[in-house]
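Below: one structure, written as structure tokens.
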Amino acid sequence: MAFLEEYDAIPADQPQMRIAHIVEYLRGDWRAMYEDLRANRAVFDAPIFTMVTRATDVLDVLSQPRLYSVRPNSVSMDPSVGPFMLARDQTEVNWHEKGLMQAVLRWDDIPKVRALAGDVAAEPLQGETGEADLVPLIGRHVPLRIVQDYFGFAAPDDRLLAWSFATQHAMFRNLSGDPDIVRKCVDAGEEMRAWLWPFLAEKWAAAPLEESDVVSRIINLSREPAAAFAPDRVVSNVCGLLVGTIETMSQAIVQAVDQLLGVPSRLEEARAAAQANDIARFDGIVFEALRFNPITTIQFRFAEVDREIGTGTPYAQTVKAGTLVAACTGSAMFDPDLMPDPDDFKGDRPASSYMHFGFGHHACLGGHLGNVAIPEAVRQVVLKPGLRRKAGPGGQIDFAGGPFPEHFRIEWGGL
Ligand code: HEM
């Protein structure tokens, strides 16, 4: 039975059951759900949010931040890391600080970040025969080292991983608004800022610094009156660097490898590009693989005014001010209007059609780094001869009941 048929069979006075049905599809056959919705109810009024599923409408929502804002993000972000760009629309905080942070996350660094990701990913892949748990050893370890070595946020491994998990969980994976998850995020933010203040104070005292990492650049920049980058704003933005990096990148690396291992022809195509050192081709294949299981298929927004979505179409619908709008980027990436032959695996699609790093006003600050670190980590894995998933449950991605991948075991050689 199709998604909508099952959904409509659940009584309307059972909103929890209807939501559970949507969540089950989101965690499972989300492609089937979105295909049904795009064809039959493209703007879908679900109990706690309205889902927007066609590419043209997703682009419409994400490109109009004054109409569809990120205001709800402030509930988890403000008490944890302070005011932050991803909880503010077309404000000084977003405009000014995104600009400053872009200036220190330089495009010139892209080769350095790619090389770092490659070196860190290669470490646990030594030997002609072997096995590895991809999540701790590569998925999380690659971004962890980017945070410590390239960003220069040199806190201990266990603290960075714990802060990153707690904040990402509450900020992006807490649909029900579970107060316990929010509390852990606030506690993590407080602990992170308490660690950062003396760390940064020491650097301010020693400035101007040699610009060996991103934090050093931030310190030097913040001493310039023209930058108007106050110390508390520096702290929030250094927190943001960590929050954005670890679980996102880990999940992308792990799920891309899983998608390549799932279909022999994809793995062959990827291996051929890797062996030919055709980096552009290889990277395209990785982001195409990720399209079949992206780290999220939704960006949430808050309708600031009553507004019709899908104007001029038979499915046009007015969304009332105050509605939570689910801009379904995962659906848009399977809409033939954006992705011709969407069910086909094509590694040469235009990079600009993907929404892995969001779209519009809040498009990812670290997208240019993820764009190289994710495929480079995957490349090191794909280059192992005889690469395969470990037999049994260990060879499947294990979320261990949580919001992010925890284990995924691979093997190589010995065939
Ligand atoms: C490399 C380190 C990363 C950093 C420092 C970072 C940081 C950020 C920041 C600060 C924003 C908000 C920008 C704004 O409000 O204007 C953002 C948005 C976003 N990032 Fe990243 N990010 C990183 C990696 C990633 C990765 C690897 C992914 C996914 C594969 C990702 C997916 C997203 C998405 C989907 C958004 C849009 C959120 C929305 O529209 O609500 N990010 N990122």
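The values are calculated or read from the model by the stated rules, or taken from the named source; none is laboratory data. Given the structure is predicted, the values throughout are model-derived calculations rather than measurements. All Cβ positions, glycine included, derive from the backbone under ideal geometry; neighbour counts span all protein chains shown. These accessible areas exclude ligands, DNA and RNA; they are computed on the full protein's heavy atoms, side chains included. Shrake-Rupley method; radii C 1.70, N 1.55, O 1.52, S 1.80 Å.
Quick notes on this one:
- Those residues of region 289-304 whose amide nitrogen sits under 17 Å from the label point placed on Ala363, 7 Å along Cα→Cβ: 299
- Cα centroid of region 44-76 to Cα centroid of region 222-273, whole Å: 23 Å
- Computed over the chain, the per-residue total of -39500 (n - 2.57) for DSSP H runs of n ≥ 4 gives a 222 nm mean residue ellipticity of -16000 deg cm²/dmol, rounded to 500.
- Prolate/oblate/rounded call for region 44-91, Cα gyration tensor, a/c under 1.5 rounded: oblate
- Rolling a 1.4 angstrom probe over the protein heavy atoms with all chains in place gives the chain an accessible area of 42 Å² per residue.
- Extended-chain gain in nm, criterion 0.36 nm per residue less alpha-carbon gap, Asp78 and Gln126: 13.0 nm
- Within the accessible surface of region 131-234, defined with a 1.4 Å probe on protein heavy atoms only, the carbon and sulfur portion equals 56 percent.
- With a cut-off of 13 Å on the backbone N, the residues of region 19-52 near the modelled label site 7 Å out from Ala12 along Cα-Cβ are 45-47.
- Full extension of the chain between Arg173 and Ala207 yields a length gain of 8.4 nm, computed as 0.36 nm times the residue separation minus the alpha carbon distance.
- With the simple spin-label model, which puts each label point 7 Å out from Cα in the Cβ direction, the Gln102 to Arg27 separation comes to 3.9 nm.
- Region 366-415 and region 133-181 have their alpha-carbon centroids 17 Å apart.
- Region 274-415, accessible surface, carbon-and-sulfur percent (1.4 angstrom probe): 52 percent
- When only Cα pairs below 8 angstrom with a gap of at least 6 residues are kept, the chain shows a relative contact order of 25 percent.
- Residues in region 320-364 that a label on Thr311 would reach, taking backbone N under 16 Å of a point 7 Å out along Cα→Cβ: 320-321
- Model label points for Asp343 and Ala226, set 7 angstrom from Cα along the Cα-to-Cβ axis, are 5.8 nm apart.
- Net charge over other residues, Cβ less than 11 angstrom from the Cβ of Leu209 (K, R count +1; D, E count -1): -1
- Prolate/oblate/rounded label for region 193-235 (Cα gyration tensor, a/c 1.5): oblate
- In plain terms, the bigger the Kirkwood radius, the slower the diffusion; for region 172-258, with that radius from Cα pairs, at 10 °C and 1.306 mPa s, Stokes-Einstein puts D at 105 µm²/s.
- Evaluating kT/(6 pi eta Rh) at 37 °C and 0.692 mPa s, with the Kirkwood radius of the chain over Cα pairs in the Stokes-Einstein relation, gives 147 µm² s⁻¹.
- Once both labels are positioned 7 Å from their Cα atoms along Cα-to-Cβ, the gap between Gln396 and Ser353 label points is 3.1 nm.
- Span per principal axis, largest first, for the Cα atoms of region 7-124 (Å): 54, 42, 31
- Dimensions of region 304-399 from C-alpha coordinates, computed as largest minus smallest value along each principal axis and given longest first, are 55, 30, 30 Å.
- Whether region 77-148 is rounded, prolate or oblate, judged on the alpha carbon gyration tensor where a/c under 1.5 counts as rounded: oblate
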